[in-house]
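Contents: one structure, followed by commentary.
The values are calculated or read from the model by the stated rules, or taken from the named source; none is laboratory data. Being a predicted model, the structure only gives us computed values, none of them experimental. Quick reminder, even Gly has a Cβ in these numbers, built from the backbone with ideal geometry, and neighbours come from all protein chains shown. To get the accessible areas, we keep the full protein, side chains included, count just its heavy atoms, and leave off ligands, DNA and RNA. Shrake-Rupley method; radii C 1.70, N 1.55, O 1.52, S 1.80 Å.
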Amino acid sequence: MSAAMDTESTYSGYSHYSGHSKKAHRQGSRDRHKSPRSKDGSRSEKSVTIQTPPAEPLLGNDASRAEEGQDDNWGETTTAITGTSEHSISQEDIAQISKDLEDSVGLDCKRYLGLTVAAVLGLLVFLTPIAFILLPQILWRDNLEPCGTVCEGLFISVAFKLLILLIGTWALFFRQPKADLPRVFVFRALLLVLIFLFVFSYWLFYGVRILDSKDTNYQGIVQYAVSLVDALLFIHYLAIVLLELRQLQPMFTIKVVRSTDGESRYYSLGHLSIQRAALVILENYYRDFTVYNPALLMTSKTRAAKHMAGLKVYNVDGPGNNALGQSRAMIAAAARRRDSSHNELYYEEADHERRVKKRRARLVVAVEEAFTHIKRLQAEEQQKAPGEMMDPREAAQAIFPSMARALQKYLRTTRQQHYHSMESILQHLSFCITNNMTPKAFLERYLNPGPTLQYDRDRWFSKQWMLVSEEAVTSGLQDGVVFVLKCLDFSLVVNVKKIPFIKLSEEFIDPKSHKFVLRLQSETSV
């Protein structure tokens, strides 16, 4: 309790900071640096704030709060407010729950059942031709007819065909799975069933016509094994057509819209099932869409709440009047204030753009000066002994403090501070120094938000998506199909349109028709 009271008094003193003197400024800075330690000391089982993932961000997570009315020194006059609650959960707990669900026994069985069945069936397929050749040699070798030159040549044919089949199977089927689909892949399941029936029929014929009768024509037995390998090669070709070639020709145009901010992209897909189309869309989403930033969506909500908070209704008729009149008065007042809200929005956006441009200019100048300094350090270090040379990590740590403040303010203004931790910035800076990159190349990551792949995978990748579709997810894409991909914070709405049939006609133009006449007027203006 004492630590909590100390923290409260510290934040209270920090919130009343007015900047009237340098002493008060230094005292406020000391209180601000001490406040995180006091905050940690006041934690208990019932007083826990929602925590960020282990990689601590460079800046605070409260930068999405009110940006309006802040000056250039707002970093020194920010008041941090904490609260207590009886029930709390951190993002680590949410990530752990999701991980536990993914690692459960049911999902493991579903994930590895198909792989196990395919591996056992593949082993049976490769051992069957060898067994067809070896079983007569083991069971009735003395009664077999001698194997001539043609028969021995078939051995080489079987060996090379099995090697080609093995390489093709490895290239087509032995791939690391990219996702867990809700339903089985129909064509892959059909191919497995076809291979099983095919091998079973060959074994049935082999058992009835060769094993029972103990056929002595060994060359015919080897030829029977060769025919099995040839048929397996044709089935592998069929698998390539169904699994790889069929989907290459574009047949549908897919529009993907993110539900929160309306960002959209268009893609062209071939004949795919809904679940496989959803997988392709998610792979392209992490590459093409800018990273989802919920802080940018809080401005409109805050503005609407501010307008509604300024409305007050007084009941002059006494407590007996119903609430219907109050609600109508609230709606009418909100409508009158909405007529002038566009002016406030215009000036707020103009002021925000002005602050962004100013802090961007400061950041660019600070980074250019820092890179100039590191170039001067490199020129000086070349004259020193080899043991005194700086590695890229040390150089990044040396120049980072000169640009940290400008980068901090810019990231807070653009609400990107929770994307970049101090460690990630230092790693990127040392990477740029190692590869002799320019300040513009270093700033590219921070001046414009990039795709999700650019950021920390464990923090920004949604590990579990939910596919919502009125049609069966194993059915193919059709014109007008709409399905939704949901994650924790937003959803992707997918609309499917078929590429229209295009009819081209040819029109012949005679080359002799391209002749022109230049007409000159006899009278000219003076």
**Fill in**
Label model pair Arg141, Tyr112: point-to-point distance (7 angstrom along the Cα→beta-carbon line) in nm is 4.0
**Asked** Relative to the Cα centre, what is the charge dipole magnitude of region 108-217, using +1 at the beta carbon of each Lys and Arg, -1 at the beta carbon of each Asp and Glu, and rounding to the nearest 20 debye?
**Response** 620
**Asked** With r defined as the distance between the Cβ atoms of Leu238 and Thr260 and R0 fixed at 51 Å, what FRET efficiency is calculated, to the nearest 0.05?
**Response** 0.70
**Length added when fully stretched, Asp230-Leu123, from 0.36 nm per residue minus Cα-Cα** = 36.8 nm
**Prompt:** For the pair Leu345 and Thr253, how long in nm is the line joining their label points, each one 7 Å along Cα→Cβ?
**Reply:** 2.9
**Complete:** In region 221-268 the accessible area split gives carbon plus sulfur, as whole percent at 1.4 Å, a share of 61
**Request:** Apply 1/(1 + (r/R0)^6) to the Cβ-Cβ distance of Gln454 and Val193, taking R0 = 35 Å, and write down the FRET efficiency to the nearest 0.05.
**Result:** 0.20
**Message:** Between His428 and Trp170, what's the calculated FRET efficiency when r is the beta-carbon distance and R0 is 51 Å? Round to 0.05.
**Reply:** 0.85
**Item:** region 128-165 and region 179-248: distance between their alpha carbon centers, rounded to Å
**Value:** 18
**Request:** For Ala159 and Cys487, compute 0.36 nm times the residue count separating them, minus their Cα-Cα distance, and round to one decimal in nm.
**Result:** 113.1 nm
**Message:** Please report the carbon-and-sulfur percent of the accessible area for region 146-192; probe 1.4 Å, protein heavy atoms only, DNA, RNA and ligands left out.
**Reply:** 73
**Two-site label geometry, Thr216 and Thr149: point separation in nm, points 7 Å out along Cα→Cβ** = 2.5
**Prompt:** Taking only pairs that are 8 or more places apart or on different chains, how many Lys pairs in region 395-526 have Cα atoms under 29 angstrom apart?
**Reply:** 6
